[in-house]
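K.L.:
What follows is a single structure, and I will ask about it in a moment.
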Amino acid sequence: MLERYQPVDVESAARQDWQTRDVYRVTENAAGADGSPKPKFYACSMLPYPSGKLHMGHVRNYTINDMMTRQLRMRGYNVLMPMGWDAFGMPAENAAIKSKVPPAKWTYDNIAYMKKQMQAMGLAIDWSREICACDPKYYKWNQWLFLKMLEKGIAYRKTQLVNWDPVDNTVLANEQVVDGRGWRSGALVEKREIPGYYLRITDYAEELLSHVQNGLEGWPERVRLMQENWIGKSEGVRFAFTHDIRDAQNQLIQDGRLYVFTTRADTIMGVTFCAVAPEHPLATHAAQSNPALQAFIEQCKLGGTSEADMAARDKEGLPTGLKVRHPLTGEEVEVWVGNYVLMSYGDGAVMGVPAHDERDFAFAKKYQLPIKQVIGVEGKTYDDAAWQDWYGDKQQGATVNSGKYDGLAHHAAVDAIATDLVAMGLGAKQVTWRLRDWGVSRQRYWGTPIPIIHCQSCGPVPVPEKDLPVVLPDDLIPDGSGNPLAKHEAFLRCQCPKCGADARRETDTMDTFVDSSWYFMRYTGADNQDAMVDARNDYWMPMDQYIGGIEHAVMHLLYARFWTKVMRDLGLVKFDEPFTRLLCQGMVLNHIYSRRNSKGGIEYFWPEEVENVHDEKGAIVSARLRSDGSPVDYGGIGTMSKSKNNGVDPQSLIDTMGADTARLFVMFASPPEQTLEWSDSGVDGAHRFLRRLWSFSHKHHDTVTQALAGQADWSQADAAAKTLRRETHTILRQADYDYQRMQYNTVVSACMKMLNTLDSATTDTEPARQALAEALSILLRVLYPVVPHITWTLWRNLGYADKFGDLLDAPWPQVDERALETDEIEFMLQVNGKLRGTLTVSAQADKAAIEQAAASHEAAVRFLEGRTPKRVIVVPGKLVNVVG
């Protein structure tokens, strides 16, 4: 073997061999050496968006998956690790506008490059199962299942409130609205209602919540809590304020009832105003004779439409001049229009109880509205000068200033008030959900075409299954002036499937969350052109381990759970939940350096361009450019980002130090679920360890090959062999445990300890050389899932492959309990509770012998000054305390 470690040559040769032999192709129902079926294990990382290059977050995510895959394969599992591409979406359109190339070309070019990078990392991916969301063979099944949902009433069409850019003539996602303006055009964004398709995820709300609360034990608790909060089950009372407000035709608006929902019906006697959404019928009616109100409503239409946008917005309102009647007191209550009230949530109206709701309190103070206390807590005095946390705490106090309801605690008051409202025919208890139906229509080009045809006579007509897929033209170039499909006659023109008349295709495409809601099932049968999933899906699913970032904790994971339940109800799958275990890996962080330029903008600098200035404790206190010494601002550490010039190119690292160095560093630097701070010195340290491993193996090549030619007889082991075996198997036991709990950083640490043990071992005798050969084989197998190229090469060079087979399928090393046995036991020796040394006794010594040895130990005699010990306390395996 070569004397020096050459990572590029080693890794290239290893990958070439693996590719030639197609070693990562996986089949269902694979059998072990004894002919019995192997247990299956499906481990999958969230598929990437093909943005152009891998980043270190990808490297970390996929290495975690790869370690698991390789180690479980050695343990006898049939392991699947697939990969695909989340290829539709806005980034490709934005790139197309900028570079004037079709999104398809940009996307497929990026996929080719990123796939090459993944292969360079040595990932154990079964590429025969690769999927791409923009491939018609894939998105055909998005369309097919959409039609099935349409048949079952799960998919439906209605008008939706959207962000409309009047310059680009397109709908914007919430994240594309910046300070109320379109991110590209800068135009003030408007709210518009346009038709769109929705999926009834709310029909599954109860089951989705139930499985979060009483299942998903393998998920992080924080993710389960995030899903529970997003689903947002609320038990309360829906009731009506009555009124006599009539429209131009003298008809009562909404039958004379303004409905609201509240979880705090116990505060109903404290209502001092009602607020309605700008789109509410009462707001529209009042604005007809109130120009100021009309202008306010128009102003409210600017900005984003999300709940988060509303929460962040300054709470503003305007009175309508209208009044409704309190259902229990008959008192008149003012109606306001509030910019924070969403028409799409509940009935588009809320009751205002300033004394016991912090938002209402701020609103009332701003507009000098009445504040009426109706909940009191013994020992506390209410004062409306400032908000106090206890004002809104339903777990405290009882009703006051509430007439017949005075003195009732929360639940009792809610029950009593609900009973009275029911008797009056004005309300009832109700369960509501924060979760809303999933709007899947996107007025953009680069996505799955919605399979609907619009006929002037027949209306919206589903595309027949035999005509799927509706293929998206892949040669269009968006120019920012709306959806190019709307101008593409070859796509638009078609015949109505019902009447045969000329018709036009739907130009909306599907939300890209559709693509990612089931891709992991398509991996199991990616080559099946006749069915969405088949029996192979029954074999692999549900997935045993899913790996991805915490940023996907709600939307993607919730939609994937919903999609699975729909497929179950359609008879396509036989399970309720798609992911048995979930790991959310931590982000990769790096230092951030910047300064403001002459125009006021922020300019970012790469860490290698900067020299840090440290204080006496080593902390960074300032920084300057290496080029000219000018100062820059140090912004601490943050997530790696291209925009902040603090990313690290994995390809550059792979080309210089090798993929194994990158893999070793990202696994060693931090536990998988915690953030990882980038460190150039840490990368150098990882590379030094691999060079040291190679040098040690080269030095002991002949020793190992000769030892493998013989047969070890551990019953004849001498002291040196016993010591090496005991230390090796002790470390192996810990590493084995750490693999099971996915603490991969301590696995790497264990391997480093093992190499240290080998380095210091004495190999003067044949048993000791046999022990070294065994220990090195254990080290290579434990380390192999982390750094597969170098370990696979050393395994072959040292002759282990000839004896034990290829490292990919070599048996996982087992702890030899006999190797852990010792002839002697060492105790910590205390005298009167203070540590005074160590005590070594025979492993066969009983308690009396240990006590005698401790009492006669030189340290005990010296520190007791010759006195006879009063007693000797023995803590088995740990310490002995001589008390005098």
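K.L.:
Given only helices, namely DSSP H runs of n ≥ 4 each adding -39500 (n - 2.57), what is the per-residue ellipticity at 222 nm of the chain, to the nearest 500 deg cm²/dmol?
P.N.:
Computed ellipticity for the chain at 222 nm equals -10500 deg cm²/dmol.
K.L.:
Using the beta-carbon distance between residue 741 and residue 332 and R0 = 56 Å, what value does 1/(1 + (r/R0)^6) give for FRET efficiency, to the nearest 0.05?
P.N.:
0.30
K.L.:
Next question, about the same structure. Arrange 488, 789, 552 by Cβ neighbour counts within 10 Å, fewest through most, would you?
P.N.:
Fewest-to-most ranking of 488, 789, 552: 488, 552, 789.
K.L.:
In nm, what is the difference between 0.36 nm times the number of residues separating residue 365 and residue 803 and their Cα-Cα distance?
P.N.:
Residue separation times 0.36 nm, minus the Cα-Cα distance, leaves 149.5 nm.
K.L.:
Positive end of the dipole of the chain, charges at C-beta (+1 Lys, Arg; -1 Asp, Glu), about the Cα centre: which of 391, 763, 658 has its Cα farthest in that direction?
P.N.:
658
K.L.:
Then there's this: Whole-Hz Karplus ³J(HN,Hα) for segment 120-129, in order, using 6.51 cos²θ - 1.76 cosθ + 1.60 and θ = phi - 60°, x for Gly and Pro?
P.N.:
Those phi angles translate into 5, 6, x, 6, 7, 8, 8, 6, 5, 9 Hz.
K.L.:
Stretch residue 13-residue 458 to full length: gain in nm at 0.36 nm per residue minus the Cα-Cα span?
P.N.:
153.9 nm
K.L.:
With 27 Å as the limit, write out which pairs from 323/404; 365/429; 38/753; 105/574; 137/644 have Cα-Cα distances beyond it, or answer none.
P.N.:
Flagged as over cut-off: 365/429; 38/753; 105/574; 137/644.
K.L.:
Would you order 461, 353, 377, 704 from fewest to most other beta-carbon atoms within 10 Å of each residue's own beta-carbon?
P.N.:
377, 461, 704, 353
K.L.:
Report the calculated FRET efficiency for residue 733 and residue 595 (r = Cβ-Cβ distance, R0 = 45 Å), to the nearest 0.05.
P.N.:
Approximately 0.30, to the nearest 0.05.
K.L.:
What order do you get for 101, 786 when you list them from fewest to most C-beta neighbours inside 10 Å?
P.N.:
Ascending Cβ contact count within 10 Å gives the list 101, 786.
K.L.:
Tell me, what is the FRET efficiency for residue 534 and residue 821 to the nearest 0.05, using R0 = 51 angstrom and their Cβ-Cβ distance as r?
P.N.:
Using R0 = 51 Å, I get an efficiency of 0.45.
K.L.:
While we're on this one: What does the highest-first list of 415-426, 499-510, 747-758 look like by mean Cβ count within 10 Å?
P.N.:
Descending mean neighbour count gives 747-758, 499-510, 415-426.
K.L.:
Given the Cα-Cα distance of residue 575 and residue 27 and 0.36 nm per residue of separation, how much length would full extension add, in nm?
P.N.:
195.2 nm
K.L.:
Share of antiparallel DSSP beta bridges in the chain, in percent to the nearest 5?
P.N.:
Counting DSSP beta bridges with both partners in the chain, the antiparallel share is about 80 percent.
K.L.:
On a straight-distance basis, which aspartates and glutamates could pair with residue 803 in a cross-link, Cα separation under 20 angstrom, same-chain partners fewer than 8 positions away excluded?
P.N.:
Within the straight-line limit of under 20 Å, residue 803 reaches these aspartates and glutamates: 17, 34, 702, 713, 766, 774, 816.
K.L.:
Let me ask something else. Kindly identify segment 91-218 as rounded, prolate or oblate by the Cα gyration tensor criterion: order the square roots of the eigenvalues as a ≥ b ≥ c, call it rounded if a/c is under 1.5, otherwise compare a/b with b/c, prolate if a/b is larger, else oblate.
P.N.:
Note, shape of segment 91-218 comes out oblate.
K.L.:
Another question about this same structure. Positive end of the dipole of the chain, charges at C-beta (+1 Lys, Arg; -1 Asp, Glu), about the Cα centre: which of 57, 841, 146 has its Cα farthest in that direction?
P.N.:
Value: 146.
K.L.:
On to the next question. Along the Cα-to-Cβ line of residue 878, 7 Å from the Cα, sits a label point; which residues in segment 827-844 have backbone N less than 19 Å from it?
P.N.:
Correct set: 827-841.
K.L.:
Mind giving me the nanometre distance, one decimal, between the label points for residue 609 and residue 422, set 7 Å out from Cα along Cα→Cβ?
P.N.:
Simple spin-label model gives 6.9 nm for this pair.
K.L.:
Find which of 856, 828, 882 sits farthest along the positive direction of the dipole of segment 824-883, computed with +1 on the beta-carbon of Lys and Arg, -1 on that of Asp and Glu, about the Cα centre.
P.N.:
Positive-end residue among those listed: 882.
K.L.:
Just grab the label-to-label distance for residue 714 and residue 229, each label 7 Å out from Cα along the Cβ direction, in nm (one decimal).
P.N.:
With each label point 7 Å from Cα toward Cβ, the separation is 5.1 nm.
Bear in mind that the values in this text are calculations on the coordinates, not laboratory data. Because the structure is a prediction, the values reported are computed rather than measured. Glycine gets a Cβ as well: all are built from the backbone with ideal geometry, and neighbour counts include every protein chain shown.
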